[in-house]
Amino acid sequence: MDVARMLPLLQCPRSGGSLAREAGRLVSPAGETYPLVNGKPILVRTILDWHLAPPPESKISRNIGEFAPGDRYAGPDAVILHLGSGDVPSHDPRVISMDVLPCPNVDIVCEAEALPFRDASIDYVESGAVFEHLHDPWAAIAEVKRVLKPGGILRIDTAFMQGYHGFPGHFYNMTPQAVETHLAGDYELLESYVPESSSPLMTVTMAIDRYLGYLTADLQERLLGMRLRDVLDEMRRDLSPASPLLDGFDEYTSRCLAASFAVVARKPLEDEPRRATLRQAGSAAAEPLRALVREYYTRRLELMQRHHEIGYYHRKAREKHGVSRPIRAAEALPNLLDRCRCDDLLDAEAIRGSLRRFQVAEADLRSIRDEWIALYLADKA
């Protein structure tokens with residue numbers, strides 16, 4: 001759906017005011033401005049670089065070939081919001097494809113936690129494999145319910161028994177009870193079910209395939225040649241990180257399949273006076289800092305992923321070619337994380353400095369990774 005057709009439905013995500021089109025941008029009566037990039041409105045509260053530039057191919061989500069909602073829940077004149085569409089196309093003129101990344105098939109770039117649509121303006125909202133990626137799914141479901149018309153319908157399919165996946169983040173998995181309680185809530189529950197693509201067999205095979213994919217070729221073959229009973233017995237013999245069946249697992253791979261995760265954190269000095277100042281400034285003024293903190297942890301995990309990819313393709317190249325030509329080594333991950341860390345996450349400038357260090361370090365790791373990928377794909381070393 002193009003901007004002209006969407007405009008009567010839109011509102012400012014910061015103030016809730018109306019929006020008008022002026023000189024290649026959208027403007028609210030309060031003077032808040034939002035750019036149009038390749039014809040797409042960028043309606044996020046805090047605009048970051050990755051809201052403006054199409055993501056690399058490796059970060060584009062196309063989990064289905066086309067979004068075709070049909071007429072079961074939405075009539076011929078309905079307004080349909082595909083929330084978190086990724087780069088999935090839709091040829092249905094009723095559909096607004098929205099995502100936080102400006103993929104080619106996206107109509108509008110915005111956040112689920114602050115939808116830029118007027119109250120009671122949407123007939124049907126559908127979201128698949130998105131809510132686990134939202135930093136605040138509770139705010140998002142409140143927004144979905146705000147923009148739905150009376151009698152409007154939502155359909156949300158979100159992760160339960162899946163390991164870590166996705167960009168720009170993966171924050172929450174929900175049990176079936178949580179989906180019914182928090183997402184459906186006090187709405188009339190029309191259906192509650194396990195989708196065909198998400199049966200228990202999918203859970204088990206996804207976990208096993210992912211685990212095997214992280215192992216050396218020799219260990220893969222050994223496990224695949226054993227009876228299932230024997231494999232399980234060997235796994236249960238030692239469930240600790242020191243198990244030989246976790247040989248070569250790095251920080252990123254361990255996080256992807258971990259049964260639980262822990263964190264230890266220290267309260268900052270002079271914490272309360274600074275937080276009081278933020279509270280007095282109001283939520284709109286505090287949101288840019290919250291966005292920077294989210295970006296900080298996103299880039300931190302991305303650095304772990306790049307470091308993992310170097311090790312992964314190094315191993316693949318070695319298994320394929322036997323020996324490999326010298327390629328410069330990556331700096332140890334703890335050293336990289338320590339060099340990029342931010343010691344004051346209440347200071348926006350300190351966070352931005354850390355993000356710049358992450359950017360430099362990630363680009364360097366990506367260069368090393370690409371060398372290993374090229375060697376792995378080569379016919380010979």
(message) So for the stretch 245-259 (the condition being out of contact with any helix residue (DSSP H, G or I) (no Cβ under 7 Å at 6 or more places or on another chain), among the polar types (S, T, N, Q) and within 17 Å of residue 309 (Cα to Cα)), does at least one residue qualify?
(response) yes
(message) Looking at the stretch 342-369 only, could you name the residues that are of a type in the set (Ser, Thr, Tyr) and surrounded by 15 or more Cβ atoms within 10 Å (Cβ to Cβ)?
(response) 354
(message) Can you tell me how many residues within the stretch 212-221 are assigned to a helix (DSSP H, G or I) and either more than 22 Å from the chain's Cα centre (by Cα) or modelled with pLDDT of 95 or more (or both)?
(response) 6
(message) On the basis of being part of a helix (DSSP H, G or I), touching a residue at least 12 places away in the same chain (Cβ under 8 Å), not basic (Lys, Arg) and not assigned by TED's automatic domain parsing to the domain that holds residue 352, does residue 252 make the cut?
(response) yes
(request) Mind listing just one residue for me: the one in the stretch 310-338 that is under 25 Å from the mean Cα position of the chain (by Cα) and surrounded by fewer than 20 Cβ atoms within 10 Å (Cβ to Cβ) and, of those, farthest from residue 290 (Cα to Cα)? (result) 311
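List the strands (runs of 3 or more DSSP E) inside the stretch 23-64, counting only whole elements, that have at least 2 residues being surrounded by fewer than 18 Cβ atoms within 10 Å (Cβ to Cβ).
Numbers: elements: 25-27, 33-37, 40-43.
In the stretch 23-64, the matching strands (runs of 3 or more DSSP E) lie at 25-27, 33-37.
Listed here are the residues, each with its yes/no results for (1) more than 20 Å from residue 135 (Cβ to Cβ); (2) in the same structural domain as residue 355 (by TED's automatic domain parsing); (3) modelled with pLDDT of 85 or more.
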{"site": "266", "(1), (2), (3)": "yes, no, no"}
{"site": "295", "(1), (2), (3)": "no, yes, yes"}
{"site": "302", "(1), (2), (3)": "no, yes, yes"}
{"site": "319", "(1), (2), (3)": "yes, yes, yes"}
(request) Report yes if residue 163 is among the small types (Gly, Ala, Ser), crowded, with 16+ Cβ neighbours inside 10 Å and under 28 Å from residue 60 (Cβ atoms), otherwise no. (result) yes
(request) Looking at (1) of a type outside the set (Lys, Arg); (2) in a loop (DSSP other than H, G, I, E, B); (3) more than 30 Å from residue 47 (Cα to Cα); (4) touching a residue at least 24 places away in the same chain (Cβ under 8 Å), find the lone condition where residue 317 falls short. (result) (2)
(request) With the checklist (1) aliphatic (A, V, I, L, M); (2) closer than 25 Å to residue 204 by Cβ; (3) modelled with pLDDT under 90 in hand, flag the one item residue 246 doesn't pass. (result) (3)
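The values are calculated or read from the model by the stated rules, or taken from the named source; none is laboratory data. Quantities reported herein were computed from a predicted structural model and do not represent experimental measurements. We place every Cβ from the backbone using ideal geometry, glycine too, and count neighbours over all the protein chains shown.
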